[in-house]
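The values are calculated or read from the model by the stated rules, or taken from the named source; none is laboratory data. These figures come from a predicted structure and were not determined experimentally. With ideal geometry, Cβ positions are generated from the backbone for all residues, glycine too; neighbour counts draw on all protein chains shown. Quick note on the areas: whole protein, heavy atoms, side chains included, nothing else; ligands and nucleic acids left out. Shrake-Rupley method; radii C 1.70, N 1.55, O 1.52, S 1.80 Å.
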Amino acid sequence: MVVIGLCCALLGQMAVVAQKPELVVQLGHSDVVMSVAFSPDGKTVITGSWDGTTSIWDAATGREIKWFKAVSDKVWGVSNGVYSVAISPDGKYFVTGSHDGEARIWDAATAKQVMSLELDDRYGSSDINSAAFSPDGVTVVTADADGRVIVWDTRSGKEVRRLKGHTDAVSSAAYSPDGKFIITASADETARIWDAATGEETIRLVGHESEVNCAVYSLDGRRILTGSDDDTARIWDAATGRQISRLEGDMSHVHSAAFSPDGARVVTAGHDGARIWGTETGEVIQPLVGHTDSVWSAVFAPDGETVLTGGQDRTARIWDAASGKEIVRFEGHASRLNIAVFSPDGRTIVTGGDDKTARIWDFAVGRQVRQLEGHSGHVNSLDVSPDGTRVVAAGRGFVKVWGAATGNEIASLEGRFGEVTSVAFSPDGMSIVTASYKSAAPGLRDPNEVAGVVIWNASTGKRVRSLEGHSGVVYSAAFSTDGKFVVTAGGDHTVRVWDATSSAEIGRLDGNIENGHFHSAAFSTDGKKVVATMDDWDVRIWDIATNEVTKYLLGHSGHVHWAVFAPDGKSVLSASWDGTARIWDAETDRDETLLNAHGDRVLSAVFSKDGKNILTASWDGTARIWNPVTGKEVCSLISFDDGSWAVVAPDGRYDASNEGDVKWLHWVVGNEVHDLSRFKDRYYEPGLLSMLMGFSDLPKARVSGGKK
């Protein structure tokens, strides 16, 4: 028996080695967790998020197993939520419903899409608010924002029938445990029971005084639970439609509600959190306290001992149903990045994001070397002085100048700031230009708050002059390469060129109101052209002398947030909410190279000064370096919220602080989670960043250090 056990253990180890391990960076969701579900055995958790992604997690450890985009590229990154996730009864598949009007069936083991359930009629598609399997897994029922309830065949992907009757958006749809009925909830303030075989309405549940957001059966099929924006949850007799009880008090806008497997308890989720109730008493048994904002989804585990919730705070959590204590949290550990820039000499990069810090990475040293703290809000914009000695960081309420070598604050620009959207040094490093707007509501605004476009003395922090003319929010401001001009992009649908010395407006590009705001504008190296982006997903190249748009670069499927010329002026680089960056031929307007690896909006993209590398920053929490010739990712740089860092190459090699031992990296083989140490000897390479960026030919000694 000992020999058999040893052989089994060896075979298990061989099986792990046979499959290539995947290094997982625990980034989690970057937006609201809209829907959550347990696997039938309770071992895994699936979450769907407003960020357009779905994640599979290990329920015991909270570690992420798989992450993937679950919406169409046509709308991904716009209003892209995955509203619903549900697992098939046998646990082999799961279905998602999303904003793009499609429900999709996925293989639970591989996270590969198996089928798309897409409407093919003259009315088009609408948000899929809910999708659920029948008990036998043969059909899926979907509910959408146009009031349609559709039953689909999971074998063919074809529509079987429609359940017609609701007069407003349908929020949820679910089968009875025996599969004979379907219960739906609607914004028309009703829930309805339908014959699953015929599609006929059998019972209407009337009594809620606002939108009904959810409706589910108890496991024995005898009761129905609904939740509504009228701040109540209600229990109904499934056979007669009679209201049995009403759960209310200390509860606002019930988004989600579910029975425990034994039917003795109910969990609700809403604007003010999640609670467990007794179904007989109608009293709160256990509040689940921990989410920092609205809770959008809640379900019991198959054994009834725990509850899973998902919330506005971008986390999902498992709670002990008896004590109300949080057991496991599913979340990422890297904040959204808003900006990343190269230093002029190409030896360092600086990133800034929602964690109120800027981080400096040094290619020669091969790691994150400095953390600039003390900002009062998110870091929206950054720049490095031409000589590389200073970093300027800006966001809501601040513009600070830091010593790049020391990490010490050198100066703050004088004045009270609202939301600072853009900051940049002049080419000689003597001036700084900012774009900002008053962040408070009109009646609460500080009349002395700095707004608009202002040029400052970089040494003294004093205001030099204002560039006045925009009538709305200004989103970006940048100097020309000779420092003589400034280009700005605004919410008043204009791009403007200014004389930096006289403050005179010397050029103006007017956009159509229908196309939205201009978000960014940047000069070509020779100063003759400007590349600008708008809400309409297009990139425009503007000839300043002729005042004509000479090129429209079309191809992004989301708002284009940023665009710049390459140093040689031959290419344009753009960054979009669709999760990609693109390189375009500036002469032919051809989309040459797609940079596609980020898991959320890409908010900035820049070339290194020599044009040999590209740097992008995304809400997925990563900065990524790319080869502009091949379009291949060189590596990802991640700064975690505990001060640790990691460099990850696409082939699985990595470097990290604390001698390669950080909490937020782990391995997945198949669907099994392994500690980072499991394959450390094979994939850990100290000095990896230096090697990849050409600053070292040989591996360095292992580096240590966490917070810097």
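The table that follows gives values for the structure above.
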item: Residue list for segment 131-146, restricted to those being open to solvent by 10 Å² or more (accessible area, probe 1.4 Å) and over 15 Å from D100 (Cβ atoms); result: A132, F133, P135, D136, G137, V138, T139
item: Test result for K609, open to solvent by 20 Å² or more (accessible area, probe 1.4 Å), within 20 Å of L382 (Cα to Cα) and of a type in the set (K, R); result: yes
item: Scope segment 651-699; condition under 26 Å from T44 (Cα atoms) and in a loop (DSSP other than H, G, I, E, B); matching residues; result: G652, D661, V662, K663, W664, G670, N671, D675
item: Residue check, L205 touching a Phe, Trp or Tyr at 6+ places or on another chain (Cβ under 9 Å) and either under 30 Å from S294 (Cα atoms) or surrounded by fewer than 16 Cβ atoms within 10 Å (Cβ to Cβ) (or both); result: yes
item: Residue satisfying all of: in segment 185-202; touching a Ser or Thr at 6+ places or on another chain (Cβ under 6 Å) and either in a strand (DSSP E or B) or open to solvent by 60 Å² or more (accessible area, probe 1.4 Å) (or both); farthest from V151 (Cα to Cα) among these; result: A191
item: Segment 514-539, residues that are among the aliphatic types (A, V, I, L, M) and at pLDDT 90 or above; result: A521, A522, V530, V531, A532, V539
item: Checking G227 against (1) part of a strand (DSSP E or B); (2) modelled with pLDDT under 95, the condition it does not meet; result: (2)
item: Hey, V531 outside any loop (DSSP other than H, G, I, E, B) and either within 25 Å of D610 (Cβ to Cβ) or of a type in the set (K, R) (or both) or not; result: yes
item: Tally of residues being open to solvent by less than 30 Å² (accessible area, probe 1.4 Å), in contact with a helix residue (DSSP H, G or I) (Cβ under 8 Å, 6 or more places away or on another chain) and either of a type in the set (D, E, K, R) or under 15 Å from L615 (Cβ atoms) (or both) across segment 339-385; result: 3
item: Only one of L573, L615 that is farther than 25 Å from Q368 by Cα, open to solvent by less than 40 Å² (accessible area, probe 1.4 Å) and at pLDDT 95 or above; result: L573
item: Yes/no for R496 being more than 25 Å from V629 (Cα to Cα), open to solvent by less than 40 Å² (accessible area, probe 1.4 Å) and among the basic types (K, R); result: yes
item: Residue list for segment 467-493, filter: over 34 Å from the mean Cα position of the chain (by Cα), more than 20 Å from V564 (Cβ to Cβ) and open to solvent by 10 Å² or more (accessible area, probe 1.4 Å); result: E468, G469
item: So S476, is it modelled with pLDDT of 95 or more, in contact with a Phe, Trp or Tyr (Cβ under 6 Å, 6 or more places away or on another chain) and assigned to a strand (DSSP E or B); result: no
item: Some residue of segment 584-593 being open to solvent by 40 Å² or more (accessible area, probe 1.4 Å), in contact (Cβ under 8 Å) with a residue 60 or more places away in the chain and more than 20 Å from N338 (Cα to Cα); result: no
item: Number of the exception - S604 against (1) open to solvent by less than 30 Å² (accessible area, probe 1.4 Å); (2) over 24 Å from G81 (Cβ atoms); (3) polar (S, T, N, Q); (4) modelled with pLDDT of 95 or more; result: (2)
item: Matching strands (runs of 3 or more DSSP E) fully within segment 410-464 where at least 3 residues are on the phi > 0 side of the Ramachandran plot and at pLDDT 90 or above; result: none
item: Number of positions in segment 157-184 that are under 14 Å from I203 (Cα atoms) and either touching a Ser or Thr at 6+ places or on another chain (Cβ under 8 Å) or open to solvent by 10 Å² or more (accessible area, probe 1.4 Å) (or both); result: 9
item: Single residue of segment 232-246 satisfying the filter (in a strand (DSSP E or B) and not small (G, A, S)) that is nearest to the chain's Cα centre (by Cα); result: T232
item: Among residues of segment 512-548, those that are open to solvent by less than 40 Å² (accessible area, probe 1.4 Å) and under 15 Å from V497 (Cβ atoms), counted; result: 14
item: All positions within segment 554-567 that are more than 12 Å from A489 (Cβ to Cβ) and modelled with pLDDT of 95 or more; result: V564, F565, A566, P567
item: Pairs with Cβ under 6 Å, 6+ apart, first in segment 232-251 and under 15 Å from G270 (Cβ atoms), second open to solvent by 40 Å² or more (accessible area, probe 1.4 Å) and in a strand (DSSP E or B); result: T232/R246; T232/E248; R234/Q243; R234/R246
item: Residue in segment 515-523 that is in contact (Cβ under 8 Å) with a residue 12 or more places away in the chain and farther than 24 Å from D578 by Cβ present; result: yes
item: Any pair with Cβ under 7 angstrom, 6 or more apart, that starts in segment 386-415 at a residue that is open to solvent by 40 Å² or more (accessible area, probe 1.4 Å) and ends at one that is of a type in the set (D, E) and in a strand (DSSP E or B); result: R396/E419
item: Residues being more than 28 Å from the chain's Cα centre (by Cα) and open to solvent by 50 Å² or more (accessible area, probe 1.4 Å) - total across segment 663-684; result: 4
item: Scan of segment 569-584 for residues that are polar (S, T, N, Q), closer than 17 Å to S557 by Cβ and over 23 Å from the mean Cα position of the chain (by Cα), ordered by number; result: none
